[in-house]
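Worksheet for the structure shown next.
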Amino acid sequence: MIYSRIAGTGRYLPERIMTNADLEKIVDTSDEWIRTRTGVERRHVCAPDQSVSQMCIEAAKVAMEAAGVTADDIDMVITGTTTPDLIFPNVSTIIQHELGIPACTAFSLEAACTGFIYALSTADKFIKAGEAKCVLVLGAECITKLVDWTDRNTCVLFGDGAGAVILKPSDEQGIISCHLGADGQYKDLLYYPVGASKNLAAAGTPDAKIMMTGNEVFKVAVKTLGRIALETLEDAGISREELDWLVPHQANIRIIQAMAKRLNMPMEKVIVTVQDHGNTSAASVPMALDVGIRDGRLKRGQLILMEAFGGGFTWGSVLMRL
Ligand code: ACO
């Protein structure tokens, strides 16, 4: 049996940090409201001329070094993002070329905040099928470029960043199971109204902003994530007690706490970065994973559950041994 296993991770966060105090100066909000309702204290915001590919390249270099691989070793690039540099070419081709990776399969996929989980699950299948030997998997977002900085309902939530993982085949257990799902009936609860083939005239107008019915998103997120987490464990025949770590999507500390409760896990066994990163959409899980690995909490052989939920709605989980 061939497993796919994480060989190295990396992250990149833009230099500029925006605190809750900074937001108090631009919208009618307070540090107290943001912290108690969301857990966010600060977020990184990319520069106007900074793109997702640039952040991915920096995160990828760190992951490649950690994994001990060079550009020549990589034979596939998959990026989960909602904010690619351009509509085409797909952002993975830009990353592949800039990193000096030889011509290979390179594509991006869009599943909002679940983008990285979808990308990792896809890479896992290519490796298990014997069709890839070293995959660069990325989750990245310049989501603040879609933010309306006059809308207090959404501008306090989001941040930018990129997370990278090198995935390789292994005889030892790595990814055990992936569960992906989506249900488009919820599209109106969380969306960005301007695209490449619809509502183009609204681009650049005040109507082009993240539309979110926050409290409804919250309810479905808690319910769905709780359900898939338990389903994932059940399918793998693993009990909640056996889990070493939960690495959740970092949208809101209250959603994370609800998940931990559902899994009967103390918060000491949950990697939480929402206070420092905000909701970085597809970047949030790989960056949290990298934080936990680099500060020594996540160790080889431990059993880890990663999960995410986002616009669509989309959702997904990955159960793995590190
Ligand atoms: N500062 C102060 N007050 C605010 C702010 C703010 N920044 N934002 C909203 N409020 C007010 C609202 O106007 C409302 O006031 P009202 O009662 O007078 O109308 C009040 O606070 C409560 O609003 P709710 O929406 O009910 O607050 P809630 O407790 O639900 O928290 C939040 C809002 C933080 C958005 C929460 O619902 C949430 O986190 N939802 C999930 C978001 C999410 O997970 N998104 C997922 C992925 S994103 C993606 O896929 C790209």
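For the reader, a short list of remarks on this structure follows.
- Under 19 Å from the Cα of residue 299 - aspartates and glutamates, other chains or at least 8 residues apart: 65, 171, 172, 241, 242, 244, 268, 290, 307
- Placing 138, 157 in order of accessible area, with the largest value first and a 1.4 Å probe, yields 157, 138.
- Membrane-span-like helices in the chain (whole DSSP H runs, Cα extent of at least 30 Å along the helix axis, mean Kyte-Doolittle hydropathy of at least -1.0): 214-236.
- Charges were assigned to the Cβ only: +1 to each Lys and Arg, -1 to each Asp and Glu. The resulting dipole of the chain about its Cα centre is roughly 540 debye.
- The residues of the chain present an accessible area of 42 Å² per residue when probed at 1.4 Å with all protein chains retained.
- Heavy-atom accessible area order for 183, 49, largest first, 1.4 Å probe: 49, 183
- To put it simply, the accessible area of region 129-244 at a 1.4 Å probe is 49 percent carbon and sulfur.
- Between region 110-175 and region 254-309, the alpha-carbon center distance in angstrom: 14
- Dmax and Rg, reported as Rg then Dmax, of region 1-119 (C-alpha, Å): 17.4, 56
- For region 106-147, the residues whose backbone nitrogen is under 18 Å from a point 7 Å from the Cα of residue 208, taken along Cα to Cβ, are 142-147.
- With all protein chains modelled, accessible area of residue 128 [1.4 Å, Å²]: 70
- Across 66, 111, 203, mean-square fluctuation computed from a Gaussian network of the chain (C-alpha pairs under 10 Å connected) peaks at 203.
- Net length gained if the chain between residue 25 and residue 254 were fully extended (0.36 nm per residue, minus Cα distance): 79.9 nm
- Count, lysine Cα pairs under 30 Å in region 24-177, 8 or more residues apart or across chains: 10
- If you wrap region 97-251 in the convex hull of its Cα atoms and look at it from every side, the mean projected area works out to 12.1 nm².
- Simple spin-label estimate for residue 268 and residue 215 in nanometres, 7 Å along Cα-Cβ: 3.6
- Rough spin-label spacing in nm, given labels placed 7 Å along Cα→Cβ, for residue 131 and residue 242: 3.0
- Equivalent-ellipsoid semi-axes of the chain, from the Cα gyration tensor, Å, largest first: 28, 24, 18
- Segment residue 105-residue 41, extension gain: residue separation times 0.36 nm, minus the distance between their alpha carbons: 19.2 nm
- Full extension of the segment from residue 98 to residue 151, taken as 0.36 nm per residue of separation minus the current Cα-Cα distance, would add 15.5 nm.
- Inter-label distance, residue 223 to residue 198: 2.3 nm, where each label sits 7 Å from its Cα along the C-beta direction.
- Under a Gaussian network description of the chain, with springs only between Cα atoms under 10 Å, the residue in 200, 146, 190 that fluctuates furthest is 200.
- Anisotropy class of region 84-155 from Cα gyration tensor, a/c 1.5 cut: oblate
- Scattering curve values for region 50-187, log₁₀ I(q)/I(0), Debye with Cα scatterers, q = 0.12, 0.14 Å⁻¹: -0.49, -0.65
- Across region 312-318, coupling constants 3J(HN,Hα) worked out from phi with the 6.51/-1.76/1.60 Karplus curve, θ = phi - 60°, read x, 6, 10, 7, x, 9, 10 Hz, and Gly and Pro carry x.
- Long-range HN-HN contacts of residue 174 with modeled amide H, under 5 Å: 4, 321
- For the residues 92, 30, 121, a GNM of the chain with alpha-carbon springs under 10 Å puts the largest fluctuation on 30.
- Using Cβ point charges alone (K and R +1, D and E -1), the dipole size of region 1-144 about the Cα centre works out to roughly 400 debye.
The values are calculated or read from the model by the stated rules, or taken from the named source; none is laboratory data. The model shown is predicted, which means the values in this text are computed figures rather than measured ones. Cβ coordinates were reconstructed from backbone atoms using ideal geometry, including for glycine residues, and neighbour counts include every protein chain displayed. The area values use the complete protein model at the heavy-atom level, side chains included, leaving out ligands, DNA and RNA. Shrake-Rupley method; radii C 1.70, N 1.55, O 1.52, S 1.80 Å.
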